[in-house]
Amino acid sequence: MSGMNFYDTLLYGFIVIALCTMPYLLRTTAPYGRHSRGGFGPRLNSTLGWVLMEAPASLVPLGLFLAADDEHKRSPVVLAFLLLWQLHYFHRAFIFPFRRRGGAPMPLVIPLTGILFNLGNTYLNWHYLLTLRSPYPPGWFTEPRFLLGVAVFLGGFAINQHSDFILLHLRRPGETGYKIPYGGLYRLISCPNYLGELLEWVGWAVLTWSLPGAVFALWTAANLVPRALAHHRDYKRRFRDYPPERRALIPLVL
Ligand code: NDP
């Protein structure tokens, strides 16, 4: 199979699997964090699970960047893409896991599927940006698509960080239970961290104006819409005084 055919097969395979994953996850919530439960095989420490699962998404693009031809490597636009990507993934792989408090052990199947997804997704995005697509010209920096995409990406990043910050400070050292989060977008929805993450990858699709970017946004929605609905149900089940006006993921809508 030629490189191009392998790439296309993987890309369209990713679209099909994302479209199947969403209905599956609506019925079966991924068994980690508050939805941890038995029956999913051996488990490992959740901090280690997060690092193993997310490290490829930070390291693979660096490897592909170093191996790329000079014309792509010297493009300041691609460097800007790499900075944005690492802003998210360096934090997610090497900082976020150590900021968490508590956390039940994670079934091994979660990091294994996470690693497979991250290897495929980073390859699809970065092989496209560094090899398949002709280098973005410097004029891309003033393109409305780039400017709008960066604004959405950074807005999403800020929402994700702020919302995770609130969650990560709900527990005192040694605590493992759940509390009602307040402040920021928690006034309106149960999972603003997921909304922020979704906005980041929608912004990425727009700022790179690429099909693999759009497929990544689709995957993020396939993962996080069902999980936000499950978290929202869990909050309402746990807390009788849960603010009734809150929605799950999208203010006033969902
Ligand atoms: P959660 O919101 O479930 O949990 C985040 C952290 O906060 C965990 O350490 C959790 O502990 C703790 N926490 C959550 N709610 C409460 C509460 N009410 N009271 C006390 N502590 C709480 O997020 P995830 O773990 O699912 O995801 C973490 C990050 O990874 C998010 O930023 C998310 O956007 C991102 N992510 C991205 C995905 C993608 O497809 N791109 C997929 C999944 C996550 P505990 O673990 O014990 O529940």
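The values are calculated or read from the model by the stated rules, or taken from the named source; none is laboratory data. Predicted, not measured: the structure shown is a model, and the values here were computed from it. Cβ sites come from the backbone with ideal geometry, for glycine too, and all protein chains shown count toward neighbours. Side chains included, ligands, DNA and RNA excluded: accessible areas come from the protein's heavy atoms. Shrake-Rupley method; radii C 1.70, N 1.55, O 1.52, S 1.80 Å.
Name every residue in segment 188-200 that is over 14 Å from TYR235 (Cβ atoms) and either open to solvent by 10 Å² or more (accessible area, probe 1.4 Å) or basic (Lys, Arg) (or both), in order of residue number. Selection gives LEU195, GLU197, LEU198, LEU199. How about segment 158-177: which of its residues are open to solvent by 40 Å² or more (accessible area, probe 1.4 Å) and outside any loop (DSSP other than H, G, I, E, B)? Residues satisfying the conditions are ALA158, ILE159, GLN161, HIS162, PHE165, LEU167. Among the residues of segment 68-124, those identified as at pLDDT 95 or above, under 21 Å from ARG37 (Cβ atoms) and loosely packed, with under 15 Cβ neighbours inside 10 Å are LEU112, THR113. Inspection of segment 79-93 identifies no residue that is part of a loop (DSSP other than H, G, I, E, B), under 20 Å from ASP164 (Cα atoms), in contact with a Gly (Cβ under 9 Å, 6 or more places away or on another chain) and in contact (Cβ under 8 Å) with a residue 12 or more places away in the chain. Could you list, in sequence order, the residues of segment 201-224 that are more than 9 Å from the ligand (Cβ to nearest atom), touching a residue at least 60 places away in the same chain (Cβ under 8 Å), open to solvent by less than 30 Å² (accessible area, probe 1.4 Å) and not in a loop (DSSP other than H, G, I, E, B)? Scanning segment 201-224 gives TRP204, LEU207, THR208, PRO212, GLY213, VAL215. Does segment 155-169 contain at least one residue that is away from the ligand (no atom under 13 Å from the Cβ) and more than 18 Å from PRO97 (Cα to Cα)? Checking segment 155-169: at least one residue is away from the ligand (no atom under 13 Å from the Cβ) and more than 18 Å from PRO97 (Cα to Cα). Considered as a group, the residues in segment 4-53 that are charged (D, E, K, R) and closer than 30 Å to PHE94 by Cβ include one that is least open to solvent (accessible area, probe 1.4 Å), and that residue is ARG34.
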